Amino acid sequence: MTRVALRGMLGRKLRVVLTAIAIVLGVAMVSGTYILTDTIKSAFATVFTQAYKNADAVISGKNAINNNASGNAGAVPSLPASLLAEVRRLPGVAQAGGGVSDSAQLIGHDGKVISRGGAPGLAFSYTQANQRFNPLSLASGSWPSAPGEVDIDAATASKDGFAVGSEVGVIARGPVQRFRIAGTVKFAGVSSLGGATMAVFTLPAAQQIFHKQGKLDTIEIAARPGTTPRQLVGEIRPLLPHDAQVRTGQSQAQQATKDTSGFLDTFQSFLLAFGGIALFVGSFVIANTMSITIAQRTRELATLRTLGATRRQVLASVMIEALVIGILASVAGLFVGLGLAKGLNALLVSFGIDLPQTSTVFATRTVVISLLVGIIVTLAAAIRPAVRSTRVPPIAAVREGAVLPPSRFARFGLYAAVATIAVALALLLVGLLATSLSSTQRLLGIGIGAAILFIGVSMLAPKLVPALVRVLGWPATKLGGGAGKLARGNSVRNPARTASTASALMIGLALVTFVGVLAAGLRSRFESSVNQVFVANYAVTATNNFSPISDASANALRRVVGVEVVSGVRAGDGRAFGSTINVTGVDPDVNRVIRVKWTAGGSQTPARLGNGGAFVSNTYASKHHLHVGSPLSVETPSGATLPLTLRGVFTAPKGGSPFGDVTISTTRFDSVYQNPQNLYTFLDVQGGVTRSNSQRLNAALSGFPDAKLQTKAQFKSNQLQGLTMLLNLLYVLLSLSIVVSLFGIVNTLVLTVFERTRELGMLRAVGMTRRQVRRMIRHESIVTALLGATFGIPLGVALALMVGVALNFAAFTIPWGTLVVFVIAAILAGIVAAILPARRAGRLNVLEALSYE
């Protein structure tokens, strides 16, 4: 039977290829995701290993919130420079050096910040005495030796036209400063740092630029011969202040790698989810394709039964065919994933996510998981068609037009579909109403329920197809004439086949609709929130809309004639009630630029915060049973504990608030947070928003190219850019599942052309032209695609509503224009899917078709 199955596949090469494509694409997504994320992880691991390879021990500041030193520079306390001298005196120390590391952005020739993919601007210090611990190497020129010199990364120098000896602008804590480029550098071991830029200063210059005079960020130590790294750490530990920590060089590299791996693991799961969706859709395509081919091979299978093949052998032959297809498709998908990984990286870069790269990592785990997933999905999808193949009676071998007999369970199909949908709705209701479960558990229930719902609807769809096709196929009868009428009739000839084909497209369109509806709700909520709270004339944010900016820019605006209020909102991390929280700092006059709806306290609350006051949202107050006068203790990244008293409670807008969980005064914030910066700056100007006011304010910000002046409308538009970018990224990733479903339509149409060869020959014989044949196939494809949209779009809207309820997402907005676009896209998809089958049908030779068996 194995030989029979393989020979049968060789005789149906096109069908095998079309069946395999769905698995190839799904496995490629899985393989590409693993290759991409493993390569990025390897790059980060290489960066940190190289950074600490010559250090036996590393001293760094300790972030009391995250308990690591890999957070942003402003969240990790610096070390007293005097600690370096104490360390050098220890008996186990052979050499020690200290340095400053922070963030600074380079300015291009156009006066704008050089930023690629949202990557950071890295800044380091250099001393000759610390060269042993320096992970950088010179690409050209020399190391900086004077306060006015800087080295930049070779990639930026090449891409942005900088050369040794030229000047470059650098912005860190204040206005832009100009430096002469002494040399260019590169990081050993990685081919690319992504979009990150590097600036290397002398140690005194770095300490001045970053306001760290008398301080260091790290101290790296080499041990004397005979002293182990662990012993060295033990010697150093008694010298450390409470906000410092020491690790071996290897442990420091491992911890830094671990900190980045957390994000990459989440990112990997995010991408794998889309690979899973593509495979889920692909399983529908495979099941439908194999069902059609088995129906078309009724006489062949019956002949095998006549010659003595048992039901088990027939089942085995079909499963062997599925196994071979699964293996071939999975292997192909595995290697297609290599190219897809590069495509995914290019896609992420285009959407503003540029991460470090090194040589491609093709791990054994990637091979094993990709092959297993592809083969298992193929076999699982083939089980039902394979079981159907065993029901072919031997007598069918001598019957013309014999068809598979219905299963004895067929009469229960409607009940099974309804029961499946009921189970799905039960899971969805658990996700919606089980408030005792965490958000993750509720969303998991909704996700599983949605998958089962798709299956249930696809089971119910054959009962709905005839009625729906009569409506959806009506335009074809008017536009396509006789060909359109035949197309509508062909679509209902086999409702189960049409429904199964449409179901694959249904899933992709449902998910795209789900994303679109949620995004529309987020957008409307955010815009409503901004309209409610933004009462200032202007806002200033970072050019990338989300990074903090130096408060020096706010000070520059205060000096502009006519400016009445400049009020900033600082942001940082903290810990309260055992959880990490967002802490914001505000100026006393913040109520003049941000409208706050107070439930306790009033408009003067911000001015009365002083050193010990705070205010919170009503949600946070209710969660922790707080009221005005309640004591509140907040721990900061430096380890300091802020004893606070609650002065006010406000109602946060549904679309988000500019304030964090706990808000304190700017004065108190600046006293406990290193490098305080503004997340937003709001200002009022005499005369409001005018061209002259905008020109004067932009002139004041000319020394701060990382800052951007915006009106209220511009602020809304710019803040929504991130949502738009994420939405477009989701659409692109979900398009893979839609592409898979299109191959399902192509598959079905090609196979039905085979099945109807004699019928098409007869139509041609009685006068139907090639053009009319192509038109008929095209209309069939469009009707199938519209069925997918009819099932998928309402499901997507319903799922978006359910997820919104689970997340307490009050704003539910249906983007009618977007849904119309999706319907048009479905029609276009149907037209594209019909190209190959229609051409094939139109080229049939009439005489050969009439004699086709």
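The values are calculated or read from the model by the stated rules, or taken from the named source; none is laboratory data. In this text the structure is predicted, and so the values were computed from the model without any measurement. So basically every Cβ, Gly included, is an ideal-geometry build from the backbone, and we count neighbours across all protein chains shown. Side chains included, ligands, DNA and RNA excluded: accessible areas come from the protein's heavy atoms. Shrake-Rupley method; radii C 1.70, N 1.55, O 1.52, S 1.80 Å.
Restricting attention to the stretch 213-229, which residues are part of a strand (DSSP E or B) and of a type outside the set (A, V, I, L, M)?
Lys215, Thr218, Glu220
Residue check, Ile395 against (1) modelled with pLDDT under 80; (2) part of a helix (DSSP H, G or I); (3) under 25 Å from Ala504 (Cβ atoms), all met but one. Which one?
Failed condition: (3).
Anything in the stretch 144-163 that is closer than 19 Å to Gly98 by Cα and either open to solvent by less than 40 Å² (accessible area, probe 1.4 Å) or under 39 Å from the mean Cα position of the chain (by Cα) (or both)? List them, or say none.
Pro144, Ala146, Val150, Asp151
Taking the residues in the stretch 315-358 that are assigned to a loop (DSSP other than H, G, I, E, B) and either modelled with pLDDT of 80 or more or of a type in the set (Val, Ile, Thr) (or both) as candidates, determine which candidate is farthest from Phe187 (Cα to Cα).
Among those residues, the one meeting the criterion is Ile353.
Of all residues in the stretch 697-722, which are in contact with a Leu (Cβ under 6 Å, 6 or more places away or on another chain) and in a helix (DSSP H, G or I)?
Hits for the stretch 697-722 are Leu697, Asn698, Ala700.
Being among the charged types (D, E, K, R) and more than 16 Å from His211 (Cβ to Cβ) is the filter; apply it to the stretch 538-560 and report the residue that is least open to solvent (accessible area, probe 1.4 Å).
Here the residue is Arg558.
Residue by residue, here is whether (1) assigned to a helix (DSSP H, G or I); (2) open to solvent by 40 Å² or more (accessible area, probe 1.4 Å); (3) closer than 30 Å to Gly32 by Cβ holds:
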position: Gln231; (1), (2), (3): yes, yes, no
position: Pro238; (1), (2), (3): yes, yes, no
position: Arg247; (1), (2), (3): no, yes, no
position: Thr260; (1), (2), (3): yes, no, yes
position: Phe267; (1), (2), (3): yes, no, yes
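Quick one: is Ile835 open to solvent by 10 Å² or more (accessible area, probe 1.4 Å), among the β-branched types (Val, Ile, Thr), at pLDDT 90 or above and within 23 Å of Phe284 (Cα to Cα)?
So Ile835 does not fit the description; no.
Residues are listed down the side, and each one gets a yes or a no for (1) of a type in the set (Ser, Thr, Tyr); (2) open to solvent by less than 30 Å² (accessible area, probe 1.4 Å):
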site: Gln313; (1), (2): no, no
site: Ser317; (1), (2): yes, yes
site: Ala322; (1), (2): no, yes
site: Val336; (1), (2): no, no
site: Lys342; (1), (2): no, no
site: Val368; (1), (2): no, no
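Within the stretch 350-366, take every residue that is under 15 Å from Arg116 (Cβ atoms) and surrounded by fewer than 17 Cβ atoms within 10 Å (Cβ to Cβ) and give me the one that is farthest from the chain's Cα centre (by Cα).
Out of the qualifying residues, it is Ser350.
Give the number of residues within the stretch 269-286 that are without any contact (Cβ under 8 Å) to a residue 24 or more places away in the chain, more than 30 Å from Arg497 (Cβ to Cβ) and either of a type in the set (A, V, I, L, M, F, W, C) or surrounded by 21 or more Cβ atoms within 10 Å (Cβ to Cβ) (or both).
1
Among the candidates Leu749, Leu720, Leu727, which residue alone is surrounded by fewer than 21 Cβ atoms within 10 Å (Cβ to Cβ) and over 23 Å from Pro548 (Cβ atoms)?
Of the residues listed, the single one that is surrounded by fewer than 21 Cβ atoms within 10 Å (Cβ to Cβ) and over 23 Å from Pro548 (Cβ atoms) is Leu727.
Somewhere in the stretch 418-438, is a residue open to solvent by 50 Å² or more (accessible area, probe 1.4 Å), within 20 Å of Ile292 (Cβ to Cβ) and in a helix (DSSP H, G or I)?
So far as the stretch 418-438 goes, no, none of its residues is open to solvent by 50 Å² or more (accessible area, probe 1.4 Å), within 20 Å of Ile292 (Cβ to Cβ) and in a helix (DSSP H, G or I).
Which residue pairs have Cβ atoms closer than 7 Å, lie 6 or more positions apart in sequence or on different chains, and pair a first residue in the stretch 504-527 that is polar (S, T, N, Q) with a second residue that is modelled with pLDDT under 85?
Ser524/Ala811; Ser524/Thr813
Could you please find all residues in the stretch 753-781 being among the polar types (S, T, N, Q) and either under 30 Å from Phe274 (Cβ atoms) or open to solvent by 60 Å² or more (accessible area, probe 1.4 Å) (or both)?
Scanning the stretch 753-781 gives Thr769, Gln772, Ser781.
Of all residues in the stretch 164-193, which are within 23 Å of Lys212 (Cα to Cα), touching a strand residue (DSSP E or B) at 6+ places or on another chain (Cβ under 6 Å) and open to solvent by 20 Å² or more (accessible area, probe 1.4 Å)?
Arg173, Val176, Gln177, Arg178, Arg180
If you scan the stretch 615-658, which residues turn out to be β-branched (Val, Ile, Thr) and more than 27 Å from Gln674 (Cβ to Cβ)?
Thr619, Val628, Val649, Thr651
Determine which single condition Leu18 fails, assuming it passes every other condition in (1) modelled with pLDDT under 85; (2) under 22 Å from Leu347 (Cβ atoms); (3) hydrophobic (A, V, I, L, M, F, W, C).
Of (1) modelled with pLDDT under 85; (2) under 22 Å from Leu347 (Cβ atoms); (3) hydrophobic (A, V, I, L, M, F, W, C), only one is false for Leu18: (2).
Output the number of residues of the stretch 581-601 satisfying the condition of being more than 33 Å from the chain's Cα centre (by Cα) and more than 17 Å from Gln532 (Cα to Cα).
5
For the stretch 673-716, how many residues meet the condition of being among the hydroxyl-bearing types (Ser, Thr, Tyr) and open to solvent by 40 Å² or more (accessible area, probe 1.4 Å)?
Total meeting the criteria: 4.
Go through the stretch 606-630 and give me each residue that's under 18 Å from Ile65 (Cβ atoms) and assigned to a helix (DSSP H, G or I).
Passing the criteria: only Tyr620.
Restricting the stretch 631-660 to residues that are in contact with a helix residue (DSSP H, G or I) (Cβ under 6 Å, 6 or more places away or on another chain), buried (at least 22 other Cβ atoms within 10 Å of the Cβ) and not in a strand (DSSP E or B), which is modelled with the lowest pLDDT?
Among them, the one singled out is Pro637.
Exactly one condition in (1) assigned to a loop (DSSP other than H, G, I, E, B); (2) of a type outside the set (A, V, I, L, M); (3) touching a residue at least 12 places away in the same chain (Cβ under 8 Å) is false for Phe179; which is it?
The single condition Phe179 does not satisfy is (1).
Collect the residues in the stretch 561-601 that are open to solvent by 20 Å² or more (accessible area, probe 1.4 Å) and of a type in the set (A, V, I, L, M), keeping them in residue-number order.
Scanning the stretch 561-601 gives Val561, Val563, Ala571, Val596, Ala600.
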